[in-house]
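Chemist: My structure is below; once you've seen it, I'll send some questions.
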Amino acid sequence: MFPIEEWSKDHLYMTMRELLYSFNFMWFLTEEWVKKNCPPQQAKEGMLYLAGEFGAYEARRLSKILPKDLSGIDKLITFLNHSHWCAFEDIIIEKKSDISFIMATKGCSSQKAAQRWGLSHYDCTEGALRLRTAFFTHIDPRAQVDKLFTPPSPPADGFDSAVSCAWLISLGRKS
């Protein structure tokens, strides 16, 4: 266990950030290995399964440290603010109503990496939907996740051109 009481906040932050980047990198290596070594349908199903498991697991872990008195859409937003998305990405959260908000990613690191590797985009739609759905429904079973746009589609009207994807997160019904 890290001797966190002895480490400065800066040292702890830098260490945790590097570990997060390492885990993120391993996800991509795992995904590439599965794609190369499994039949296509099995690879797709396996990665979607893992995305769902990861989303639910992350929500369970965060529930151990976040306030218990949160509810509704504010609870979902609080969990999101403590998630891996906010650790790695520039996440825009726009509360639309008492039962919905938009989650958008500006300058997605996965899309940037795909372009560095010579790809037009990283096809994340199904996995991203599964991950977000598992994460938010574990927090509140009423949660619904609807894609507004993902690559290769350009940002929808009203979104900054640097936004890579956007999702509507709602409780119970679309708004």
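Chemist: Over 13 Å from Cys108 (Cβ atoms), surrounded by fewer than 16 Cβ atoms within 10 Å (Cβ to Cβ) and touching a residue at least 12 places away in the same chain (Cβ under 8 Å): which single residue out of Asp160, Asp140, Asp123, Asp146 fits that description?
Modeler: Details: Asp160 fails: over 13 Å from Cys108 (Cβ atoms); Asp140 fails: surrounded by fewer than 16 Cβ atoms within 10 Å (Cβ to Cβ); Asp123 fails: over 13 Å from Cys108 (Cβ atoms).
Exactly one of Asp160, Asp140, Asp123, Asp146 is over 13 Å from Cys108 (Cβ atoms), surrounded by fewer than 16 Cβ atoms within 10 Å (Cβ to Cβ) and touching a residue at least 12 places away in the same chain (Cβ under 8 Å), namely Asp146.
Chemist: Let me ask something additional. How many residues are over 17 Å from the mean Cα position of the chain (by Cα) and closer than 19 Å to Trp117 by Cβ if we restrict to segment 1-29?
Modeler: Within segment 1-29, residues that are over 17 Å from the mean Cα position of the chain (by Cα) and closer than 19 Å to Trp117 by Cβ number 1.
Chemist: I've got another one for you. Could you list, in sequence order, all residues of segment 72-95 that are closer than 22 Å to Phe159 by Cα and among the acidic types (Asp, Glu)?
Modeler: Glu89, Asp90, Glu94
Chemist: Report, by residue number, each residue of segment 163-175 that is part of a loop (DSSP other than H, G, I, E, B) and buried (at least 21 other Cβ atoms within 10 Å of the Cβ).
Modeler: Within segment 163-175, the subset part of a loop (DSSP other than H, G, I, E, B) is 172-175.
Across segment 163-175, there are no qualifying residues.
Chemist: Go through segment 96-153 and report how many residues are assigned to a helix (DSSP H, G or I), among the hydroxyl-bearing types (Ser, Thr, Tyr) and farther than 21 Å from Ala43 by Cβ.
Modeler: 2
Per-residue answers, yes or no, for (1) crowded, with 18+ Cβ neighbours inside 10 Å; (2) among the aromatic types (Phe, Trp, Tyr); (3) under 18 Å from Val163 (Cα atoms); (4) in contact with a Leu (Cβ under 9 Å, 6 or more places away or on another chain):
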{"site": "Cys86", "(1), (2), (3), (4)": "no, no, yes, yes"}
{"site": "Ile93", "(1), (2), (3), (4)": "no, no, yes, yes"}
{"site": "Lys96", "(1), (2), (3), (4)": "no, no, yes, yes"}
{"site": "Ser100", "(1), (2), (3), (4)": "yes, no, no, yes"}
{"site": "Met103", "(1), (2), (3), (4)": "yes, no, yes, yes"}
{"site": "Gly107", "(1), (2), (3), (4)": "no, no, yes, no"}
{"site": "Lys112", "(1), (2), (3), (4)": "no, no, yes, no"}
{"site": "Trp117", "(1), (2), (3), (4)": "no, yes, no, no"}
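The numbers here are math on the coordinates, done by the rules we state, and not lab data. Just so you know, these numbers come straight off a predicted model, no measurement behind them. Glycine gets a Cβ as well: all are built from the backbone with ideal geometry, and neighbour counts include every protein chain shown.
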